[in-house]
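Derivation of every value follows stated rules applied to the coordinates shown; laboratory data play no part. Worth saying up front: this structure is predicted, and the values here are computed from it rather than measured. Every residue, glycine among them, receives a Cβ derived from its backbone with ideal geometry; neighbour counts consider all protein chains shown.
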Amino acid sequence: MTLEQLKYPIGKFEKPEIITKDILLKWVSDIAIFPTRLGAEVYKLTDMQLDTQYRPDGWTIRQVVHHCADSHMNSLTRLKLALTEDQPTIKPYFEELWAELLDTKSMPIEPSMKMIEGIHERWTVLLNNLTDEQYGRIFIHPEHRKNFRVDENIGVYAWHCNHHLAHITQTIKRNNWN
C-alpha cells in the first residue's frame, strides 16, 4: 500500500452534488453503528497492538480511538451550536496536538469508548429527528474558511467514522491479528 492509501484507506470525503434522504439515512446509520463496529475491533487488542501505528509517522490505534472521542464530541457540540444559533463560528482545535497529550497517548481506551457510546447515542437521536430546515442550517469553520451545512457535516462524520475504522481494520489485517 502507498502512504496515501494508508493515510486515506477509503479515500477522501466527497460531497455528493445532491444530498438525498437516502444518503442522509445511510450516513446517520454509519454514525449510529460506529461504536459497536469500533468496539468489535479494538476490545480484542492487546496494549501492544493498541500502541501500534496504523501507518509510518501516524497515530497509534490507541490515539485513533481517543481522537474519535475528541472529534465526535466536538462535532456534536458544533451540531448543537448550528441548531441553536444563527450561523455560529465554531472553535477549531488542534487535533494533532490533542493526540500528543498524555490521556490520548497512554490511557486505556475504555473511557473514550464510553464517551463514544454516549456521544453517538445522543448524536443519533438528534440526527434522526432533524427537519429539512435544520439540515440546511450552517456553522462557520474559521480554520477551513468555509460554511458547513448540517447535512454535509453529517456526511463528513459518517466518512470520519469509516475512515478511522478502516485505519484500525487494515492494521489488524496487515499484522494478521485476527
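Points to keep in mind about this one:
- Taking I109, I154, I23 as the candidate residues, the one with maximal mean-square fluctuation in a Gaussian network model of the chain, Cα springs under 10 Å, is I23.
- Computing volume of the Cα convex hull per residue in Å³ for the structure here picks out one of (i) 143; (ii) 184; (iii) 121, namely (iii).
- When exposed loop sites are taken as trypsin sites (Lys or Arg not before Pro) in a DSSP loop with at most 10 other Cβ atoms within 10 Å, the longest stretch of the chain clear of them is 13-144.
- Longest DSSP-loop-exposure-free segment, chymotrypsin sites (Phe, Trp or Tyr not before Pro), the chain, at most 15 other Cβ within 10 Å: 95-176
- Relative contact order for the chain, counting Cα pairs under 8 Å that sit 6 or more residues apart, in percent: 36 percent
- The mean sequence separation of alpha-carbon pairs under 8 Å and at least six residues apart, normalised by the residue count of the stretch 6-107, gives a relative contact order of 22 percent.
- Packing-based exposure ordering (other Cβ within 10 Å, fewest first) of C161, C68: C161, C68
- In the chain, helical runs assigned H by DSSP with n ≥ 4 each contribute -39500 (n - 2.57); averaged across all residues and rounded to the nearest 500, the mean residue ellipticity at 222 nm is -19500 deg cm²/dmol.
- Listed residues E152, E117, E133, most fluctuating in the chain (Gaussian network, C-alpha, under 10 Å): E133
- Net charge over other residues, Cβ less than 13 angstrom from the Cβ of P9 (K, R count +1; D, E count -1): +4
- Span-like helix ranges in the chain, DSSP H, alpha carbon extent 30 angstrom or more, Kyte mean at least -1.0: 21-42, 61-84, 150-174
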